[in-house]
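What follows is a set of notes on a single structure, which appears directly below.
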Amino acid sequence: MHIFAAEGEQNPLLPPVGEIIVGLITFAILAFVVVKFVFPMIEKTFQERRNAIEGGIERAEAAQAEAKAALEQYRAQLAEARTEAAQIRDAARAEGQQILEELRTQAQEESARIVARGEEQLAASRQQVVNELRGQIGSMAVTLAGRVVGESLEDEARRRGTVDRFLDELDAMSSSTPGATPQGDR
(Lines give C-alpha, C1' and ligand atoms only; values in the text may rest on other atoms or scores of the structure.)
Protein backbone atom coordinates (compact mmCIF):
# COMPACT_ATOMS: atom_id res chain seq x y z
CA MET A 1 0.00 0.00 0.00
CA HIS A 2 2.90 2.01 0.23
CA ILE A 3 3.40 2.06 -3.40
CA PHE A 4 -0.09 3.32 -3.94
CA ALA A 5 0.45 6.11 -1.57
CA ALA A 6 3.60 7.17 -3.31
CA GLU A 7 2.07 7.41 -6.64
CA GLY A 8 -0.54 9.49 -5.38
CA GLU A 9 -3.88 9.83 -6.65
CA GLN A 10 -4.03 7.46 -9.49
CA ASN A 11 -6.19 4.43 -9.13
CA PRO A 12 -4.43 1.35 -10.46
CA LEU A 13 -7.67 0.01 -11.82
CA LEU A 14 -8.40 3.04 -13.95
CA PRO A 15 -6.22 3.68 -16.95
CA PRO A 16 -5.01 7.14 -17.72
CA VAL A 17 -7.49 9.40 -19.47
CA GLY A 18 -5.35 9.72 -22.63
CA GLU A 19 -5.37 5.98 -23.11
CA ILE A 20 -9.13 5.89 -22.65
CA ILE A 21 -9.61 8.56 -25.34
CA VAL A 22 -7.21 6.86 -27.78
CA GLY A 23 -8.90 3.51 -27.03
CA LEU A 24 -12.37 5.01 -27.64
CA ILE A 25 -11.31 6.60 -30.94
CA THR A 26 -9.68 3.37 -32.08
CA PHE A 27 -12.75 1.43 -31.01
CA ALA A 28 -15.02 3.84 -32.90
CA ILE A 29 -12.90 3.54 -36.07
CA LEU A 30 -12.81 -0.23 -35.74
CA ALA A 31 -16.58 -0.39 -35.11
CA PHE A 32 -17.19 1.88 -38.12
CA VAL A 33 -15.02 -0.35 -40.38
CA VAL A 34 -16.67 -3.50 -39.08
CA VAL A 35 -20.21 -2.09 -39.51
CA LYS A 36 -19.46 -0.46 -42.88
CA PHE A 37 -17.39 -3.19 -44.54
CA VAL A 38 -17.23 -6.44 -42.58
CA PHE A 39 -20.90 -6.89 -41.64
CA PRO A 40 -22.12 -6.31 -45.21
CA MET A 41 -19.60 -8.86 -46.45
CA ILE A 42 -20.69 -11.31 -43.77
CA GLU A 43 -24.36 -10.60 -44.57
CA LYS A 44 -23.69 -10.99 -48.30
CA THR A 45 -21.89 -14.31 -47.71
CA PHE A 46 -24.66 -15.38 -45.38
CA GLN A 47 -27.33 -14.55 -48.02
CA GLU A 48 -25.38 -16.35 -50.74
CA ARG A 49 -25.03 -19.34 -48.50
CA ARG A 50 -28.72 -19.24 -47.61
CA ASN A 51 -29.69 -18.93 -51.29
CA ALA A 52 -27.38 -21.80 -52.21
CA ILE A 53 -28.86 -23.99 -49.50
CA GLU A 54 -32.44 -23.04 -50.37
CA GLY A 55 -31.68 -23.50 -54.07
CA GLY A 56 -30.15 -26.88 -53.30
CA ILE A 57 -33.23 -27.84 -51.34
CA GLU A 58 -35.48 -26.67 -54.15
CA ARG A 59 -33.37 -28.58 -56.70
CA ALA A 60 -33.47 -31.65 -54.47
CA GLU A 61 -37.25 -31.35 -54.15
CA ALA A 62 -37.55 -30.91 -57.92
CA ALA A 63 -35.28 -33.91 -58.50
CA GLN A 64 -37.31 -35.89 -56.01
CA ALA A 65 -40.54 -34.90 -57.79
CA GLU A 66 -38.98 -35.91 -61.14
CA ALA A 67 -37.84 -39.21 -59.65
CA LYS A 68 -41.32 -39.79 -58.27
CA ALA A 69 -42.87 -39.04 -61.68
CA ALA A 70 -40.33 -41.33 -63.37
CA LEU A 71 -41.13 -44.06 -60.85
CA GLU A 72 -44.86 -43.71 -61.51
CA GLN A 73 -44.21 -43.78 -65.25
CA TYR A 74 -42.01 -46.85 -64.81
CA ARG A 75 -44.71 -48.57 -62.76
CA ALA A 76 -47.33 -47.74 -65.39
CA GLN A 77 -45.09 -49.08 -68.15
CA LEU A 78 -44.37 -52.19 -66.10
CA ALA A 79 -48.09 -52.78 -65.55
CA GLU A 80 -48.72 -52.23 -69.25
CA ALA A 81 -45.92 -54.66 -70.14
CA ARG A 82 -47.33 -57.25 -67.76
CA THR A 83 -50.78 -56.83 -69.28
CA GLU A 84 -49.34 -57.14 -72.78
CA ALA A 85 -47.35 -60.23 -71.76
CA ALA A 86 -50.51 -61.80 -70.34
CA GLN A 87 -52.36 -61.05 -73.57
CA ILE A 88 -49.54 -62.56 -75.62
CA ARG A 89 -49.52 -65.64 -73.37
CA ASP A 90 -53.30 -66.00 -73.71
CA ALA A 91 -53.10 -65.56 -77.48
CA ALA A 92 -50.33 -68.16 -77.67
CA ARG A 93 -52.39 -70.59 -75.61
CA ALA A 94 -55.44 -70.03 -77.79
CA GLU A 95 -53.34 -70.45 -80.93
CA GLY A 96 -51.83 -73.63 -79.48
CA GLN A 97 -55.29 -74.99 -78.72
CA GLN A 98 -56.43 -74.12 -82.22
CA ILE A 99 -53.39 -75.86 -83.74
CA LEU A 100 -54.04 -78.92 -81.56
CA GLU A 101 -57.66 -78.99 -82.67
CA GLU A 102 -56.63 -78.67 -86.32
CA LEU A 103 -54.07 -81.45 -85.94
CA ARG A 104 -56.63 -83.61 -84.14
CA THR A 105 -59.16 -82.98 -86.91
CA GLN A 106 -56.59 -83.76 -89.60
CA ALA A 107 -55.59 -86.94 -87.77
CA GLN A 108 -59.23 -88.03 -87.51
CA GLU A 109 -59.79 -87.31 -91.20
CA GLU A 110 -56.64 -89.21 -92.15
CA SER A 111 -57.70 -92.09 -89.90
CA ALA A 112 -61.14 -92.14 -91.51
CA ARG A 113 -59.52 -92.16 -94.98
CA ILE A 114 -57.20 -95.01 -94.02
CA VAL A 115 -60.09 -97.01 -92.57
CA ALA A 116 -62.24 -96.35 -95.66
CA ARG A 117 -59.36 -97.36 -97.94
CA GLY A 118 -58.83 -100.53 -95.87
CA GLU A 119 -62.53 -101.35 -96.05
CA GLU A 120 -62.48 -100.82 -99.81
CA GLN A 121 -59.44 -103.06 -100.16
CA LEU A 122 -61.06 -105.64 -97.89
CA ALA A 123 -64.29 -105.54 -99.93
CA ALA A 124 -62.30 -105.86 -103.16
CA SER A 125 -60.29 -108.76 -101.72
CA ARG A 126 -63.48 -110.43 -100.50
CA GLN A 127 -65.08 -110.04 -103.91
CA GLN A 128 -61.97 -111.45 -105.56
CA VAL A 129 -61.93 -114.43 -103.19
CA VAL A 130 -65.65 -114.99 -103.76
CA ASN A 131 -65.14 -114.89 -107.53
CA GLU A 132 -62.19 -117.30 -107.31
CA LEU A 133 -64.18 -119.62 -105.04
CA ARG A 134 -67.15 -119.48 -107.40
CA GLY A 135 -64.90 -120.40 -110.28
CA GLN A 136 -63.30 -123.26 -108.34
CA ILE A 137 -66.63 -124.46 -106.96
CA GLY A 138 -68.10 -124.21 -110.42
CA SER A 139 -65.36 -126.28 -112.05
CA MET A 140 -65.52 -128.84 -109.24
CA ALA A 141 -69.31 -128.91 -109.51
CA VAL A 142 -69.11 -129.38 -113.28
CA THR A 143 -66.65 -132.23 -112.89
CA LEU A 144 -68.73 -133.83 -110.15
CA ALA A 145 -71.98 -133.26 -112.02
CA GLY A 146 -70.42 -134.74 -115.12
CA ARG A 147 -69.56 -137.87 -113.22
CA VAL A 148 -73.02 -138.01 -111.61
CA VAL A 149 -74.98 -137.26 -114.76
CA GLY A 150 -72.77 -139.26 -116.93
CA GLU A 151 -72.52 -136.72 -119.70
CA SER A 152 -69.74 -134.35 -120.45
CA LEU A 153 -70.29 -130.83 -119.37
CA GLU A 154 -67.18 -129.55 -121.07
CA ASP A 155 -69.16 -127.31 -123.39
CA GLU A 156 -68.66 -123.79 -122.07
CA ALA A 157 -72.23 -122.55 -122.54
CA ARG A 158 -73.71 -125.61 -120.93
CA ARG A 159 -71.26 -125.55 -118.15
CA ARG A 160 -71.93 -121.90 -117.39
CA GLY A 161 -75.64 -122.40 -117.34
CA THR A 162 -75.34 -125.44 -115.06
CA VAL A 163 -72.82 -123.67 -112.75
CA ASP A 164 -74.93 -120.55 -112.52
CA ARG A 165 -78.07 -122.59 -111.81
CA PHE A 166 -76.21 -124.60 -109.16
CA LEU A 167 -74.81 -121.48 -107.47
CA ASP A 168 -78.23 -119.82 -107.51
CA GLU A 169 -79.69 -122.89 -105.83
CA LEU A 170 -76.90 -122.79 -103.25
CA ASP A 171 -77.57 -119.12 -102.61
CA ALA A 172 -81.27 -119.78 -102.25
CA MET A 173 -80.59 -122.62 -99.82
CA SER A 174 -78.16 -120.61 -97.73
CA SER A 175 -80.49 -117.61 -97.53
CA SER A 176 -83.49 -119.76 -96.58
CA THR A 177 -81.74 -121.59 -93.74
CA PRO A 178 -82.06 -119.80 -90.41
CA GLY A 179 -78.86 -118.30 -88.97
CA ALA A 180 -77.18 -118.37 -92.36
CA THR A 181 -75.41 -115.22 -93.39
CA PRO A 182 -76.02 -113.68 -96.79
CA GLN A 183 -73.19 -114.12 -99.22
CA GLY A 184 -72.31 -110.41 -99.39
CA ASP A 185 -71.60 -110.34 -95.63
CA ARG A 186 -69.00 -113.13 -95.57
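In the full protein assembly as shown, how much of D90 is accessible to a 1.4 Å probe, in Å² to the nearest 10? Here the residue's solvent-accessible area equals roughly 90 Å². Taking 0.36 nm per residue of separation and subtracting the current Cα-Cα distance, fully stretching the chain between Q108 and T45 would add 13.5 nm.
Accessible surface of M173, taken over heavy atoms with a 1.4 Å probe and every protein chain present, rounds to 110 Å². The length gained by stretching the chain between V115 and M173 to full extension, at 0.36 nm per residue less their Cα-Cα distance, is 17.5 nm. Working note: Debye formula, equal point scatterers on the alpha-carbon atoms of segment 9-87, no solvent; log10 I(q)/I(0) at q = 0.11, 0.13, 0.18, 0.26 Å⁻¹ is -0.64, -0.72, -0.88, -1.08.
For segment 1-134, the fraction of alpha-carbon pairs lying more than 20 Å apart is 81 percent, rounded to a whole number.
The values are calculated or read from the model by the stated rules, or taken from the named source; none is laboratory data. In this text, all values refer to a predicted model and were calculated from it rather than measured experimentally. Protein only, heavy atoms only, side chains kept; ligands, DNA and RNA dropped before computing areas. Shrake-Rupley method; radii C 1.70, N 1.55, O 1.52, S 1.80 Å.
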